[in-house]
Structures are given as structure tokens and as C-alpha cells.
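K.L.:
Can you keep this structure in mind? I'll have questions shortly.
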Amino acid sequence: MSKAKLPIGIQTFSAVRNSGYAYVDKTHFIAMLSEGKYFFLSRPRRFGKSLFVDTLDSAFSGRRELFTGLYLDSPESGWDWSRKHPVLRIDWSLSPSRSVEALTARIEELFAQWAKTWSFTLPAGTIGGRFEALLRHVSEASGEKVVILIDEYDKPILDNLENPKLAIELRDMLKDLYGSFKSLDPWLRFVFLTGVSKFAKTGIFSGLNNLKDLTVDARYSAICGYTQADLETAFSDYLEGLDMDAMRVWYNGYSWTGDTVYNPFDILLFLDERIYKAWWFETGTPTFLLKLLAEKPRTLPELDGLVTDEELLGSFDIENLRPETVLFQAGYLTIKEWSSNSDEGISYRLGFPNREVRSAFSRSLLGNLRGSESPPVDNRLRRAMDSGDTDTLREVIHSFFASIPHDWYRKNRLSGFEGYYASVVYACFASVGFEVIPEDVTNKGRIDLTVKSAKGIWIFEFKVKSLDKSGDKRPLAQLQERGYAEKYRSDSRPLHQVGIVFDAESRNIEGWETE
């Protein structure tokens, strides 16, 4: 029996089911949703949202033949296949909207298509009023309530974030369209919106405040993406000879308070070519994010371990974009831990999901600092770490700081923060794939930075002359006095302690001590 094909880039459920592609059964989530009515899901790009929307379309349209052998076709699902609902779909990714006129034309095109399909003459009036008249007709003509599925609901806005005035105008147009759904409740069976961002309550959803948000509901954490069990079941034919632990470290780790998952696009390309590289990251460079981080500085160690609340995660506000919110919703940060109690409510600890994102994002940041797309850190860094060569290590780090153009400091505020220097060192190590732990907790305090390689453990303490307010104590002496190295004494790998003093005037290393 030939093995199933890898569904790379396939977003149509019927194509997956009819053309010999492997399929991870997500239909139990459809059964879970069937008792509700209004839902919203935010997930990063290329995460399988469109395939799930198309699966919903097939289910509500009654295409039972596509679900043979899947959960939704079992008696346990409770799905009523005798009901076939009319489905109206909107996919904003199909046509870019770079103006109010372009978005208006696209809405009119959709209305005209639906009106033609259902033999209806559209009345004059507002977008909301015309949509209501059309939907009532569709429901009455079909004898069933209508299903509305909207894919990439936010794309017209996200495509224009660097033009806030236009983005706000487009947001308000979509707000009027989506807000009309609430008055259409008697004719609606099911509404599902999905996209990358989740806008603030005062933004696009203020008129549609009855949506159930699935984004950080632990029960739906794996609604898009592949769990480890999914991978080992559906793609077992492709796993022979692969290092499963290495694969998990590189590509698993996305979580929305429940099961961790792989990005489907990412892992499928890896299984196809069996090469470790930043498959997902390279499909969309975070230029806008790097610019936002320059305007509203956040250091990498600060982001990798950020503790936040629900409001920050779900408040994408065009007028006041917050880097943490954008990084989380875009998939560069994920939920590593969370807690909830009656006294403090809910809180989340964020971090980079895996080695791919951490190293690729670090490389992008280093390249942005240097204003160059050439490799920001050469292989000397890895060789120095593997051999314990502290002199070469200092030379590599010193050389990188020296390569940052003077003009960069004039245009960016980040260098005025004490964490800037630690952030650059963090990025250097992360960019070549080492495990990095900022603010590494011990029973004596916190290590500024721990770096682990296969051949050694390195702990770093930083001070910044003229910025650091902790006094004149040498950083290596502080490491020794506080006994930070004791945490790793039982590890068989060589242990290195490094104290670095940076000079905020020269913007480079002034002091370097090792043990």
C-alpha cells in the first residue's frame, strides 16, 4: 500500500480526502462547536485555519461522503446529516484591499455573487441593510438557517498597518459588516470568524459582542496544528530515521493553554525535505515587527519569559500597537505556562515556541541592527563555545557590537535600555541555535543569561558602565559570591562563568573576566 501524500499547501477539504493526502482528523472539534452559534479563532499565518473553515463548509453543506471514517460520521458525534445548510463564505486573502474603494468593490462583488446564486435582486441601501435582505432571502429560499464562514477576517486591516488612517477606515467598514450579524440572528445557524489578530473590544468586534472566543480555550488549543500524537499517527510513514527529540525542539511548542502543536506548514515541509531550517519563519519576514520594537523597545530576554494578562494578549489596537500583543498573535511568542486563581485572575508566561522561531527571529534582529542581510554571527561563535575558547568568544561578541552602525543608535531608543546589551548577546547565541535561558532562576537569585550547548554550560553576568546602578562590584565576583554556578555543578558538561562589563559610551565590551 502506497503511503499517503503530504498535504503541503492544500486548503480544500475535498482535495485532501479525495486525492490521497494524509489527514489529521479535526472533526471532533466541529462536533464540539455544533451546539453553539457564534465563534472566533485567532491563529498565526499558515496554521491550517483555511482548511478547517473549508471542513466546516463541507460539514454544514451535508457532504457526508467526505467524512467516511472520521469522527463526525460516527454516532458519537451527534451530527445531523439530514440537515443541509446554505453556506456564505468570505475569504479576504483572495483579493488585497489597498483602499476603501477596493474593499467596497470586493463586498459588492460578494453580494452580487450570492444574489445571482440565490436568484435575488439586491435592494439599495447600506451594507448592513442589503446583507440582511439577502440573508433573509437565502434562509427562506433554502428552508434552513444560514452558515457564515469568514476566513482571514482581518487581512484588509493587517495589510495596511503602516498606513494607520487607511487601516482604521477599513476596520470601520468591516465593523459595520460584521456588526450586522447580530440583527440577523433569527436566520443564522452558525457564524465562524478566523484570522491572525484579535482586535480590542472597542474596535472591530464592538458590534458583534456575542462571539465565543476560542483562541486561548485549552479545549481548542489543537484545533489547528498537529500534536505529537497526530504526527506519529497520520505521518508515521515519514518519520523513519528521524530524531524525534530534535524535531520537537525545532518545530513543536506552540500552545494556547492546552496541547502543544506543530505548525502544519512547517513540519510538512520538514518531513518532505528532511532538512532543519526555518520553513515557516522564512515565508514572512517580520520587518514591521522589528520596526515596532525599535519604536517601543522590548529586549529579547524580556520577551522570552514575559508574564502578562488576558487583556494584553487580546487587545490589538491600531492606534496603540503593543509589540507583545503583535508578537503573540503573529506566532512569534506562545503561551509557555498559565495560571488562574480567585485572587489574581489569569496570567500567562510567554516565550518563543521553539528553536526555529527563537533562532530565526534573533538572526532577523541582529541583521536589523547591522543593516545587513549577511550572516550576523559567523561559525567562530559555535567553535569557540564548543572548545571553551573564551578569548575567541570575546572577540566574536566585540566584533559584532563594533559592526553596528553609529547611525543606528541615533535612530533607535533601544540602546538606552540596560537590557540592550544582554539582548544582543542573547540574540547572538540564539541565532546559531543554542539553548538560551534569560533571567535563569536559582535558589540564590537570577543568572543574567545561561547558554547551553552539547559541549558546555555557560553562565553570564552583565553590567553596563554609566547605566547599571548596582555599584562597582565586578560581575564575575557577583557570580561567584552568589554561587549561581551551583545549579549546574551536577551536569557532566564543562561549566564556564563569564562576567562582562559594557561601556555605554563606546557601546562595546570594556571588561571581560572568565572562570
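The values are calculated or read from the model by the stated rules, or taken from the named source; none is laboratory data. Everything numeric in this text was worked out from a predicted model, so none of it was measured. Backbone-built Cβ (ideal geometry, glycine too); neighbour counts: all protein chains shown.
K.L.:
For segment 297-325, which residues satisfy the criterion of being under 12 Å from Lys198 (Cα atoms) and surrounded by 22 or more Cβ atoms within 10 Å (Cβ to Cβ)?
P.N.:
Leu313, Phe316, Thr325
K.L.:
Ser2 versus (1) at pLDDT below 95; (2) small (Gly, Ala, Ser); (3) under 14 Å from Phe192 (Cβ atoms): which is the lone unmet condition?
P.N.:
(3)
K.L.:
Please specify each residue of segment 231-267 satisfying the condition of being of a type in the set (Val, Ile, Thr), part of a helix (DSSP H, G or I) and either within 24 Å of the chain's Cα centre (by Cα) or in the same structural domain as Phe47 (by TED's automatic domain parsing) (or both).
P.N.:
Those that are of a type in the set (Val, Ile, Thr), part of a helix (DSSP H, G or I) and either within 24 Å of the chain's Cα centre (by Cα) or in the same structural domain as Phe47 (by TED's automatic domain parsing) (or both): Val249, Ile267.
K.L.:
Checking the structure you have, find out if any residue of segment 5-26 is basic (Lys, Arg), part of a loop (DSSP other than H, G, I, E, B) and under 28 Å from the mean Cα position of the chain (by Cα).
P.N.:
Taking every residue of segment 5-26 in turn, at least one turns out to be basic (Lys, Arg), part of a loop (DSSP other than H, G, I, E, B) and under 28 Å from the mean Cα position of the chain (by Cα).
K.L.:
Considering only residues of segment 149-188 that are among the hydroxyl-bearing types (Ser, Thr, Tyr) and outside any loop (DSSP other than H, G, I, E, B), which is surrounded by the most Cβ atoms within 10 Å (Cβ to Cβ)?
P.N.:
The residue in question is Tyr178.
K.L.:
Can you tell me how many residues within segment 249-291 are surrounded by fewer than 19 Cβ atoms within 10 Å (Cβ to Cβ) and of a type in the set (Ser, Thr, Tyr)?
P.N.:
Within segment 249-291, residues that are surrounded by fewer than 19 Cβ atoms within 10 Å (Cβ to Cβ) and of a type in the set (Ser, Thr, Tyr) number 5.
Listed here are the residues, each with its yes/no results for (1) surrounded by 13 or more Cβ atoms within 10 Å (Cβ to Cβ); (2) of a type in the set (Asp, Glu); (3) more than 23 Å from Ser139 (Cβ to Cβ).
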| residue | (1), (2), (3) |
| --- | --- |
| Phe67 | yes, no, yes |
| Leu72 | yes, no, yes |
| Trp81 | yes, no, no |
| His85 | yes, no, no |
| Leu88 | yes, no, no |
| Leu94 | no, no, yes |
| Arg98 | yes, no, yes |
| Glu101 | no, yes, yes |
| Glu108 | yes, yes, no |
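K.L.:
Related question: Taking segment 429-448 as the search range and keeping residues that are part of a helix (DSSP H, G or I) and either without any contact (Cβ under 8 Å) to a residue 40 or more places away in the chain or not aromatic (Phe, Trp, Tyr) (or both), which one is surrounded by the fewest Cβ atoms within 10 Å (Cβ to Cβ)? Working first, answer last.
P.N.:
Residues of segment 429-448 part of a helix (DSSP H, G or I): 429-431.
Going one step further and asking which of them are either without any contact (Cβ under 8 Å) to a residue 40 or more places away in the chain or not aromatic (Phe, Trp, Tyr) (or both), we end up with 430-431.
Numbers: Ala430: 28, Ser431: 23.
That would be Ser431.
K.L.:
Here are some conditions: (1) more than 22 Å from Ala222 (Cα to Cα); (2) touching a residue at least 60 places away in the same chain (Cβ under 8 Å); (3) outside any strand (DSSP E or B). Leu56 meets all but one. Which one does it not meet?
P.N.:
(1)
K.L.:
Another one. Being modelled with pLDDT of 80 or more, touching a helix residue (DSSP H, G or I) at 6+ places or on another chain (Cβ under 7 Å) and either outside the structural domain of Ala427 (by TED's automatic domain parsing) or not acidic (Asp, Glu) (or both) is the requirement here; does Lys277 meet it? Break it down stepwise before answering.
P.N.:
Details: modelled with pLDDT of 80 or more: yes; touching a helix residue (DSSP H, G or I) at 6+ places or on another chain (Cβ under 7 Å): no; either outside the structural domain of Ala427 (by TED's automatic domain parsing) or not acidic (Asp, Glu) (or both): yes.
So Lys277 does not fit the description; no.
K.L.:
Which of the residues spanning segment 310-341 are small (Gly, Ala, Ser) and in contact with a helix residue (DSSP H, G or I) (Cβ under 9 Å, 6 or more places away or on another chain)?
P.N.:
Residues satisfying the conditions are Gly314, Ser315, Ala330, Gly331.
K.L.:
Tell me, please, whether a residue that is of a type in the set (Ser, Thr, Tyr), out of contact with any Gly (no Cβ under 8 Å at 6 or more places or on another chain), without any contact (Cβ under 8 Å) to a residue 12 or more places away in the chain and loosely packed, with under 14 Cβ neighbours inside 10 Å can be found in segment 457-466.
P.N.:
Step one: filter segment 457-466 for residues of a type in the set (Ser, Thr, Tyr), giving 466.
Add one more test, that the residue is out of contact with any Gly (no Cβ under 8 Å at 6 or more places or on another chain), and what stays is 466.
In the following step, the residues that additionally are without any contact (Cβ under 8 Å) to a residue 12 or more places away in the chain were identified as none.
So far as segment 457-466 goes, no, none of its residues is of a type in the set (Ser, Thr, Tyr), out of contact with any Gly (no Cβ under 8 Å at 6 or more places or on another chain), without any contact (Cβ under 8 Å) to a residue 12 or more places away in the chain and loosely packed, with under 14 Cβ neighbours inside 10 Å.
K.L.:
Using the structure shown, decide if Ser97 is within 25 Å of the chain's Cα centre (by Cα) and of a type in the set (Ser, Thr, Tyr).
P.N.:
yes
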